[in-house]
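> I have a structure I would like to understand better, so I am pasting it below and will then ask my questions one at a time.
The values are calculated or read from the model by the stated rules, or taken from the named source; none is laboratory data. Source: prediction; values computed, not measured. Reconstructed Cβ throughout: ideal geometry from the backbone, glycine too, with neighbour counts over all protein chains shown. Areas reflect the complete protein model, heavy atoms only, side chains present, ligands, DNA and RNA absent. Shrake-Rupley method; radii C 1.70, N 1.55, O 1.52, S 1.80 Å.
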Amino acid sequence: MKIYISATLRKFFASTAQIEIPASTPRKALAILLDMYPDAKKILYDEKNSIRSFIRIYINGDNSSIDVLWDSVLPEETEILLLPAIAGGAPENAPVESLITDDRRKAVSFDDSEIERFGKHLMLKEIGVKGQKRIRAAKVVVAGAGALGSPVIQYLAAAGVGTIKVIDFDEVSLSNLQSQVLYGNRDVKRPKVASARDKVKNIDKNIVFEGEKLKLDADNIANQIDGYDLVIDCTDNYKARYLINDACALIGIPLVFGAIYQYEGQVGIFNLNGGPCYRCQFPSPPPAGLIPSCSEGGSISPLPGIIGSIQANEALKLILGIGEHLNGKILTVDSLYLQSRILKVHRNGNCPICGNHPTITQVENFDYEEFCGLKENENAAPIEGFTPEELAKRIDNDDPITIVDVREPHERAILRFPKAIVIPIGQLARRQGELDPNKDVIFVCKEGKRSILAINTLREAGYKGPLYNLKGGIDAMKDLIFSHEGAWL
Ligand SMILES: [Zn+2]
């Protein structure tokens, strides 16, 4: 059987993308695979030896009958796909209905310059003047004006979407310019919503642009999205993803979802005409820190352009009511090996949001921080941390300490941490003998989050020595490292 490993999981399989395993059943194939890569066991299975809920296993593109197929003898050419959630159906071939009513369409009129502007749409028989009026009448929310938001916002504006609301709390930074093609040098340090407004108005001044410089949370999301036709999720973290999914499902707004990681992207449509929601597919996020976010894991520059353009295209098809779309499906695109697949997503009767007995009926009553593992576990022993200044002092004094760098190789290539040994999180439990329990051990990562996961992992594995976290991670210590470099080398 051929097992295909999603990019986000590959680091646990020695960067293997696909592998042929001679086995009669999927269960046996996976067991052989995990014997080859024992570090991956902990990632795929929980303590009760069940597959973790943020990972979906597809056999030949379907995951609906996994229970039956798991122990079935299947032909050699069977394909198994391990698909995790990434930092993010209606009956097939159901007639697609436009999200925009005829009354709203009829209220739109165009002047000569608009007829010229949208000429290439008017030529398409599926769009024409009627379709273009639906696009003009549409009100779309874009959550996140970063890498995915950049193509989405620009294509919605170019296509003539009448009202575009952009929600983003961030300002443009230099590192954004590698992928966020909405911005240029002159936008650095400006609020993204301000630069997005300029860009949209420059494309088409008749568009109603609504910019909200804020962070979506459970208290404000309903106000922000209620009354709009469609939400496009262009965020980069699990908390926002689940919050947006839940609010859209509860209010009844379709959601076009997109996510990227390194070379791989996912696109899907949720909450449309009784179709599944994001939670149906991924009931819970991966433990905090296990899969680095896009800002930690990186991504190739055009990937958000590919995924965001598909999101914008799906959004236009929903507005127009044409073609076939990704309702109840996820499209995955692997830009490194140029492979794409469409996977089915089934509504989960036990889904806490859209299932038969929903338990989440108001986003205000659900703790998204805790759900995404962003809160410190009150039952766990508290994790003590060093500030960058404290750690610098310990290094200056030549104290007998051990610094462990848990970052990925590409992150270490950007900035080496002085005097640190390197142990990836996946190998910590196995290699704990390399640490001296009589010495203070300080864990460092980019932002000080994965290092907390490292400490918890080591404690769970029974390590008894003192463990500390570098607060704020290497990002917070950069200046100190640069100023000490000579002395510390
Ligand atoms: Zn659901």
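> If you place +1 on the Cβ of every Lys and Arg, -1 on the Cβ of every Asp and Glu, and leave all else neutral, what size is the dipole of the chain about its Cα centre, to the nearest 20 Debye?
Numbers: 57 positive and 63 negative charges, 162 e Å.
For this selection, approximately 780 debye.
> Which order do peptides 277-286, 256-265, 382-391 fall in by mean Cβ count within 10 Å, highest first?
256-265, 277-286, 382-391
> Here's something else I'd like to know. Per residue of segment 229-246, in order, report the coupling 6.51 cos²θ - 1.76 cosθ + 1.60 (Karplus, θ = phi - 60°) as ³J(HN,Hα) in whole Hz, putting x for Gly and Pro.
After applying 6.51 cos²θ - 1.76 cosθ + 1.60, I find 7, 7, 10, 10, 8, 10, 7, 10, 8, 5, 4, 5, 4, 5, 4, 5, 4, 5 Hz.
> Would you list, by chain and number, the aspartates and glutamates whose Cα falls below 16 Å from the Cα of K329, excluding same-chain residues fewer than 8 positions away?
D62, E92, D233, E314
> Counting only protein heavy atoms and a 1.4 Å probe, tell me what percentage of segment 422-484's accessible area is made up of carbon and sulfur.
So the carbon and sulfur contribution to the accessible surface is 50 percent.
> Report, please, the projected area of segment 2-84 averaged over directions, based on the convex hull of its C-alpha atoms, in nm².
One quarter of the hull surface, i.e. the mean projection, equals 5.0 nm².
> While we're on this one: Using the charge dipole of the chain (Lys, Arg: +1 at Cβ; Asp, Glu: -1 at Cβ; taken about the Cα centre), state which of L214, A159, C354 has its Cα farthest towards the positive end.
Value computed over the given set: A159.
> Here is a further query. Report the label-to-label distance for E171 and A17 in nanometres (one decimal), using points 7 Å from each Cα along the Cα→Cβ vector.
Label at E171, label at A17, 4.0 nm between them.
> Now, a different point. Apply the a/c threshold of 1.5 to the C-alpha gyration tensor of segment 138-371 and tell me whether it is rounded, prolate or oblate.
rounded
> Just how large is the dipole of segment 1-151 about the Cα centre, in debye to the nearest 20, putting +1 at every Lys and Arg Cβ and -1 at every Asp and Glu Cβ?
560 debye
> So, one more: Can you tell me the accessible area per residue over segment 197-277, all protein chains present, probe 1.4 angstrom, in square angstrom?
Numbers: 2840 Å² over 81 residues.
On a per-residue basis, 35 Å².
> What shape does segment 214-327 have by the C-alpha gyration tensor, where a ≥ b ≥ c are the square roots of the eigenvalues, rounded means a/c under 1.5, and otherwise prolate means a/b greater than b/c and oblate the rest? Spell out each step's value before the answer.
Numbers: a/c = 1.71, a/b = 1.18, b/c = 1.45.
The shape class here is oblate.
> Over segment 1-66, give the accessible area per residue in Å² for a 1.4 Å probe, as an integer.
Ligands and nucleic acids excluded, the figure is 45 Å² per residue.
> Let me ask something else about it. Can you list, largest first and rounded to whole Å, the semi-axes you get for segment 316-363 by taking the square root of 5 times each eigenvalue of its Cα gyration tensor?
Values for segment 316-363, descending: 28, 17, 10 Å.
> Let me ask something else. Report the calculated FRET efficiency for A413 and E390 (r = Cβ-Cβ distance, R0 = 22 Å), to the nearest 0.05.
On the way: r = 27 Å, r/R0 = 1.21.
Once the sixth-power term is evaluated, E becomes 0.25.
> Any idea what % of Cα-Cα pairs in segment 384-488 are farther than 15 Å?
So the portion of pairs separated by more than 15 Å is 58 percent.
> Using only the alpha carbons of segment 310-413, what is the convex hull's orientation-averaged projected area in square nanometres?
13.7 nm²
> Hand me the GluC sites (Glu not before Pro) from segment 1-85 located in a DSSP loop with no more than 10 other Cβ atoms within 10 Å, in residue order please. Please list the in-between numbers first.
Details: sites: E20, E47, E76, E77, E79; in loops: E47, E76, E77.
Filter output for segment 1-85: E47, E76, E77.
> With each label point set 7 Å from Cα along the Cα-Cβ vector, what nm distance links I66 and D398?
Taking the simple label geometry, I66 and D398 are separated by 5.6 nm.
> Explain nothing, just compute: Karplus ³J(HN,Hα) = 6.51 cos²θ - 1.76 cosθ + 1.60, θ = phi - 60°, for every residue of segment 273-285 in order, whole Hz, x for Gly and Pro.
Listing the rounded values in order: 6, x, x, x, 10, 4, 5, 4, 7, 10, x, 8, x Hz.
> Moving on to the next point. Starting from the coordinates of the alpha-carbon atoms of segment 34-75, obtain the Kirkwood hydrodynamic radius over all distinct pairs and give the value in Å to one decimal. Present the calculation step by step, with values, prior to reporting the outcome.
Details: mean 1/r = 0.0852 Å⁻¹.
In segment 34-75 this quantity evaluates to 11.7 Å.
> Rounded, prolate or oblate: which fits segment 431-489 when a ≥ b ≥ c are the square roots of the eigenvalues of the alpha-carbon gyration tensor, with rounded for a/c under 1.5 and prolate only if a/b beats b/c?
On the way: a/c = 3.21, a/b = 1.68, b/c = 1.91.
Verdict is oblate for segment 431-489.
> Right, something else. How big is the charge dipole of segment 384-488 about its Cα centre, in debye rounded to the nearest 20, if each Lys and Arg gets +1 on its Cβ and each Asp and Glu gets -1 on its Cβ?
Dipole size: approximately 360 debye.
> Whenever you get a sec, compute what percent of the accessible area on segment 138-371 sits on carbon and sulfur atoms (1.4 Å probe). Provide the component values of the computation, followed by the final result.
Values: 4240 of 8750 Å².
That share works out to 48 percent.
> Once you treat every alpha carbon in the chain as an equal point and sum by Debye, what is log10 I(q)/I(0) at q = 0.10, 0.12 Å⁻¹?
Computed log10 I(q)/I(0) values: -0.83, -1.14.
> If R₀ is 25 angstrom, what is the calculated FRET efficiency for the pair Q427 and T361, using the beta carbon separation as r and rounding to 0.05?
FRET efficiency, Q427 to T361: 0.05.
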